[in-house]
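**Q** Following this message is one structure expressed as structure tokens.
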Amino acid sequence: MQDSGQTVHRKAADDSRLKRDVGIVGLLFTAVGSIIGSGWLFGALSAAQIAGPASILAWAIGGVMIILIGLCYAELGTMFPVSGGVVRFPHYAFGSFASYTLGWITWLAVASTTSIEVEAALQYSTNYLPWLQHLQDGVPVLTTAGFFVAAGLLGLFSLINVVGIRWFARLNNALVWWKLIIITLVVVVFLFTAFHGANFHSGNMDSAHGGGFMPFGWSGVFASIATAGIVFSYLGFRQGVELAGETSNPKRNVPIAVIGSVLITAVIYVALQVAFIGALPEKALVNGWAHIGTSFSGGLDNIAATYGPLAALAEVMGLTWLAVLLYVDAFISPADTGLIYTTVTARIAYAMGRNGNAPKSLAKVSERGVPWVSVILTFIVGLIFFLPFPGWQKLVGFVTSATVLSFGSGPLALLAMRRQLPRQQRPFTLPWVHVIAYLAFLSSNLIVYWSGWSTDWKLGIAVLIGYVVLVIHEARYRGQTPKLELKAGAWVVVWLAGLMVISYLGSYPEASEHAGNLMLFDFGEAVIVIGLFSAFVMWMALKFRLPTERVEAHLAEPLGPESSAKPPIQQEG
């Protein structure tokens, strides 16, 4: 159906068996609860080590970049409030090949995030339960006993999800209130117990030891955004999009959850970074910012700082009671986020099953409205990520790069649908759409670049593995899978390959002799190159987008293996 001069209210074929039991507070708190996970427990230390006091700027800049991306999804999420929207939107605009590629990347990122959060909870717990983890080449990894505890937690999260989304939302609301109270308490107590203003300029230290407000320059600031857990911490805003199909009033709830969650947590994170830097004792800076993790613990075992930096700092300050609360919260905060990501990972797998470029069994929904096959798959994959991989920060870099890459398709899908469905009813219409969409896409690409070649080449390998899986899936279900629509999705290959090449030629990380990148251009030159490249990919995606008829066909696709219902297409004057 072509657009006329009238407003058109097309509805995406969402699954009516999914229960719309999540209200405005539930959706907002799901996003806030997902954002406040392990990032705040380790991010303040990691960011200070990479950027020094300028890490305060990194939290603010990271928040702005994520809000730009979130604004694009606020329009998409209210226009088509479907579960697993990050995967479904590129499917509507660019077809099966594009949605499969981005769905694969998204699924890997969210599946590993659940395991990261569980490991973070156990990492703090190791301070009083030393049998959970041990140091391997200086990196905390699970012991055999710790693996079974982690598996048990993951199993509990899966069980809660199987019970239903309403129980999930009720439990999460209570946990988020706890997390907000604790993080606010830490900020206030740190600020009023010990605040050393000299830490923010460290004028008594020469630059060789990392002195001044910006000891590592802008390079350190932007590297910390990608690798210190800053963007990783904000990525929970996606829950407002992923669960849009299960909220009672998406027109109102989705924009509030997406934008509100980032604004709330950005203020909290900036305040926490200020409080953390101000609370550091003078002796913590003796060896420079890069080494504060091994020097601020004073008389405590440095392992305590490794397993729980905020709690270790509280003990150095004589705040034993606060350290105890932090150890308790260090289990609750990541565990709650792990619970949320178990829910979201299942919805991503469900969406891929709905799209038809993954086994349709993933879209099976129980009587309680839960994609139970996807929940089981999430549990199994989560166990794999509990194997002795590198530490929290290394995994965070990979997850950040992968997730932001998948988000990068949102601004392009938004612009494509402005052309494909110009008369579509948009409950939330983004102003200055071309400017904001371009800046959001550019932000995604810059974050991937700042993650560094040592992270990006692994992401490239993961994408190639995904294409192998796609070939196998197409061969096994020949004639039963949707048309790949390669022409409309060709920009994805150009985009991913181009980012890998730019990362290899660029200067992140700066220690190129360890990463293998060539360092052919500096920071400023890289921004120009990525800016031009982003504009080219955006042009290509819009040039080869699907025609309106194909978009409408995707919107009207059957609900999955258990239903043949068709969505209504209505016109409103």
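**Q** For the pair MET540 and VAL286, what calculated FRET efficiency results from E = 1/(1 + (r/R0)^6), where r is the Cβ-Cβ distance and R0 = 41 Å, to the nearest 0.05? Don't jump to the answer; show the numbers that get you there.
**A** Values: r = 52 Å, r/R0 = 1.27.
Computed FRET efficiency for VAL286 and MET540 comes out at 0.20.
**Q** How much FRET efficiency would the formula 1/(1 + (r/R0)^6) give for PHE521 and VAL494, where r is the Cβ-Cβ distance and R0 is 25 Å, rounded to 0.05?
**A** So the FRET efficiency works out to roughly 0.80.
**Q** Ok, one more. Using amide H atoms built in the peptide plane, which far-off residues or other-chain residues are under 5 Å from GLN133 H to H?
**A** Those qualifying (amide H under 5 Å, at least 5 residues apart or on another chain) are THR143.
**Q** To check my understanding: the extent here is largest minus smallest coordinate of the Cα atoms along each principal axis. What are those three numbers for region 19-557, in Å, largest first?
**A** 67, 52, 41
**Q** Fully extended, how many nm does the chain gain between HIS196 and THR429 (0.36 nm per residue separation, minus their Cα-Cα distance)?
**A** That works out to 79.3 nm of additional length.
**Q** Another question, if that's okay. For TYR504, TYR467, what ranking results if the residue with the fewest other Cβ atoms within 10 Å of its Cβ goes first? Could you put the intermediate results ahead of the total?
**A** Details: TYR504 17, TYR467 14.
Ranked by crowding around the Cβ, least crowded first: TYR467, TYR504.
**Q** Treating the beta-carbon of each Lys and Arg as +1 and of each Asp and Glu as -1, no other charges, what is the dipole magnitude of region 19-557 about its Cα centre, to the nearest 20 debye?
**A** Magnitude of the dipole: close to 2080 debye.
**Q** Under 14 Å from a point 7 Å along the Cα-to-Cβ line of ILE376: which residues of region 323-363 have their amide N that close?
**A** 360-363, by backbone N distance to the label point.
**Q** Using a Förster distance of 56 Å, how high is the FRET efficiency between HIS134 and LEU532, based on the Cβ-Cβ distance and rounded to 0.05? Write out the running numbers ahead of the final one.
**A** Working: r = 48 Å, r/R0 = 0.85.
It comes out at approximately 0.70.
**Q** What is the sum of charges around LEU41, taking Lys and Arg as +1, Asp and Glu as -1, for the other residues whose C-beta is under 13 Å from the C-beta of LEU41?
**A** -3
**Q** Same structure again: Sort the following peptides by mean Cβ neighbour count (other Cβ atoms within 10 Å, averaged over residues), highest first: 412-420, 179-187, 479-487.
**A** On the way: 412-420: 22.3, 179-187: 18.6, 479-487: 13.7.
Those peptides, ordered most packed to least, come out 412-420, 179-187, 479-487.
**Q** Between ILE465 and LEU156, how many nm apart are label points set 7 Å from Cα along the C-beta direction?
**A** Distance between the two pseudo-spin positions: 2.9 nm.
**Q** Before anything else, pin down the relative contact order of region 19-557: Cα pairs under 8 Å, at least 6 apart, normalised by residue count, whole percent. Walk me through the numbers before you get to the answer.
**A** On the way: 985 pairs, mean separation 156.7, N = 539.
With pairs under 8 Å counted, the relative contact order is 29 percent.
**Q** Within a 10 angstrom radius of the beta carbon, how do HIS91, HIS473 rank from fewest other beta carbons to most?
**A** Details: HIS91 34, HIS473 15.
Final ranking by Cβ density, sparse to dense: HIS473, HIS91.
**Q** Excluding ARG418 itself, what net charge comes from residues whose Cβ is under 11 Å from its Cβ, given Lys and Arg +1 and Asp and Glu -1?
**A** Details: positive: ARG419, ARG423, ARG426, ARG545; negative: GLU75.
With Lys, Arg at +1 and Asp, Glu at -1, the neighbours total +3.
**Q** Among PHE276, HIS473, GLY197, which residue has its Cα furthest toward the positive end of the charge dipole of region 19-557, with +1 on Lys/Arg Cβ and -1 on Asp/Glu Cβ?
**A** HIS473
**Q** Kindly list the residues of region 415-431 that lie in the label zone of ILE24, defined by a backbone N under 18 Å from the point 7 Å along the Cα-to-C-beta vector.
**A** 427-429
**Q** Let me ask another. List MET65, MET540 from most exposed to least, where exposure is judged by having the fewest other Cβ atoms within 10 Å. Show your work: numbers first, answer last.
**A** Numbers: MET65 23, MET540 16.
Listed from fewest to most nearby Cβ atoms, that is MET540, MET65.
**Q** Sticking with this one: If you take every residue apart from GLY408 with its C-beta less than 15 Å away from the C-beta of GLY408, what net charge results, scoring Lys and Arg +1 and Asp and Glu -1? Numbers along the way, then the final one.
**A** Numbers: positive: ARG238; negative: ASP456.
Summing Lys and Arg as +1 and Asp and Glu as -1 gives 0.
**Q** Whole-Hz Karplus ³J(HN,Hα) for region 263-275, in order, using 6.51 cos²θ - 1.76 cosθ + 1.60 and θ = phi - 60°, x for Gly and Pro?
**A** After applying 6.51 cos²θ - 1.76 cosθ + 1.60, I find 4, 4, 6, 4, 4, 5, 5, 5, 4, 5, 5, 4, 5 Hz.
All of the numbers you see were taken from the coordinates with simple rules; none came from a lab. The structure presented is a predicted model; accordingly, all values stated were derived computationally and were not measured. Cβ sites come from the backbone with ideal geometry, for glycine too, and all protein chains shown count toward neighbours.
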